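Here is the structure we will look at.
The values are calculated or read from the model by the stated rules, or taken from the named source; none is laboratory data. Please read all numbers here as calculations on a predicted model, not as lab measurements. Neighbour counts are summed over all protein chains in view; Cβ atoms, including those assigned to glycine, are modelled from backbone coordinates with ideal geometry. Just the protein is used for accessible areas: all its heavy atoms, side chains included, with ligands, DNA and RNA removed. Shrake-Rupley method; radii C 1.70, N 1.55, O 1.52, S 1.80 Å.
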Amino acid sequence: MRNILYIGIISLLFATGGVTADWLPNQTPENQMFSITTVIDVVGYVSDSTSLSWVIASPGAIPTGILAPGQSVADVSYHDSTMTNGGHLMMNKRVDFDSGDQTVGTNNLETQKVMTYSGIDGSHLVGEEEYTLSVAGRNSTSDDAIRCVFSQGLGSGLPSFCNIVTAKSSLINVNSAQISSKGGVRAVAENANTPATLNYQIAVTPDTNSGSGYADAIVKTEFAGSIMEARDTSGDNWNKTSATNTWKDSSSVSGGIKNFQKSFGYTSGLRV
């Protein structure tokens with residue numbers, strides 16, 4: 001008898017408390033926007049891949065060493081890949097990017113993907129999707145802002161906060177399934193009170209045309225974060241650790257999947 005797995009929605013909403021201190025860099029004078037739409041309906045071999053690497057700093061240029069006082073840097077990466085060695089794949093994927101300042105409710109990067117796959121004569125599908133958001137900043141001369149920490153030595157000049165989060169999913173030996181995913185990242189804003197965000201969702205359900213009532217696949221997800229923060233803006237404690245927070249969530253399922261859904265949400269910004 002086949003294994004039957006039912007995984008309900010798991011939502012992870014992380015917003016650090018009173019010492020939360022991300023302030024995002026703002027846009028450059030010249031900004032870029034692009035959209036990529038992919039529509040595939042094919043029986044046979046498929047290889048599809050999309051990647052993004054984006055680093056932005058303000059004020060000033062991207063530092064090659066230490067950050068200047070009051071400077072913040074955001075580093076965003078995204079990678080998505082899908083490959084089959086045969087079978088029938090239907091895919092609709094869209095990637096939207098805007099490097100300009102964002103507000104609450106909007107993102108610099110947004111992705112959506114819907115796939116239906118049915119293996120033929122032993123063929124299968126593999127795929128991977130990963131988002132990373134890293135935001136770091138050094139002590140500012142502002143008197144009313146909260147500050148975060150990355151170093152313990154007063155003279156080191158390293159970032160006064162450094163937060164990094166990742167969301168990743170892997171599809172292995174998919175023989176039959178319907179798969180949908182959606183992600184969003186905000187890393188640039190004009191207002192210091194606009195928080196950094198990373199959101200990701202994935203759902204795996206049966207292909208209704210297969211007649212089996214179950215998806216046949218191995219699916220893995222991993223969500224993780226590492227947070228280091230401080231409180232003071234001046235004196236001897238501006239770069240001393242006031243809060244650390246590390247976390248990780250992993251899931252892995254295989255066999256006959258009735259329903260698998262994971263939802264991840266991360267927000268980090270100045271407490272106002």
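Checking each residue in segment 43-59 for being over 17 Å from the mean Cα position of the chain (by Cα) and without any contact (Cβ under 8 Å) to a residue 24 or more places away in the chain picks out only P59.
The set of residues from segment 63-87 being open to solvent by less than 40 Å² (accessible area, probe 1.4 Å) and charged (D, E, K, R) comprises just one member, D80.
A single entry from S47, S53 fulfils the requirement of being modelled with pLDDT of 90 or more, open to solvent by 80 Å² or more (accessible area, probe 1.4 Å) and either touching a strand residue (DSSP E or B) at 6+ places or on another chain (Cβ under 6 Å) or of a type in the set (S, T, Y) (or both): S53.
Quick check on my filter: what residues within segment 88-114 are of a type in the set (A, V, I, L, M, F, W, C) and open to solvent by less than 50 Å² (accessible area, probe 1.4 Å)? Step through it out loud before you land on a result.
Just the residues of segment 88-114 that are of a type in the set (A, V, I, L, M, F, W, C), to begin with: 89-91, 95, 97, 104, 109, 114.
Those that are of a type in the set (A, V, I, L, M, F, W, C) and open to solvent by less than 50 Å² (accessible area, probe 1.4 Å): L89, M91, V95, F97, L109.
Each residue in segment 119-147 was checked for being small (G, A, S), open to solvent by 20 Å² or more (accessible area, probe 1.4 Å) and either at pLDDT 50 or above or touching a Cys at 6+ places or on another chain (Cβ under 7 Å) (or both), and 4 pass.
Could you tell me which of the residues G269, G265, G235, G213 is among the small types (G, A, S) and modelled with pLDDT of 95 or more?
Values: G269 fails: modelled with pLDDT of 95 or more; G235 fails: modelled with pLDDT of 95 or more; G213 fails: modelled with pLDDT of 95 or more.
Result: G265 is the single residue among G269, G265, G235, G213 that is among the small types (G, A, S) and modelled with pLDDT of 95 or more.
The condition of being out of contact with any Lys or Arg (no Cβ under 7 Å at 6 or more places or on another chain), over 17 Å from A177 (Cα atoms) and in a loop (DSSP other than H, G, I, E, B) holds for only one of G105, G122, that being G105. Which residues, taken from segment 157-178, are in a strand (DSSP E or B), hydrophobic (A, V, I, L, M, F, W, C) and open to solvent by 10 Å² or more (accessible area, probe 1.4 Å)? If the condition is that a residue be in a strand (DSSP E or B), hydrophobic (A, V, I, L, M, F, W, C) and open to solvent by 10 Å² or more (accessible area, probe 1.4 Å), then C162, I164, L171, I172 are the ones that fit.
When only residues in segment 201-222 that are outside any loop (DSSP other than H, G, I, E, B) and small (G, A, S) count, which is most open to solvent (accessible area, probe 1.4 Å)? Result: A203.
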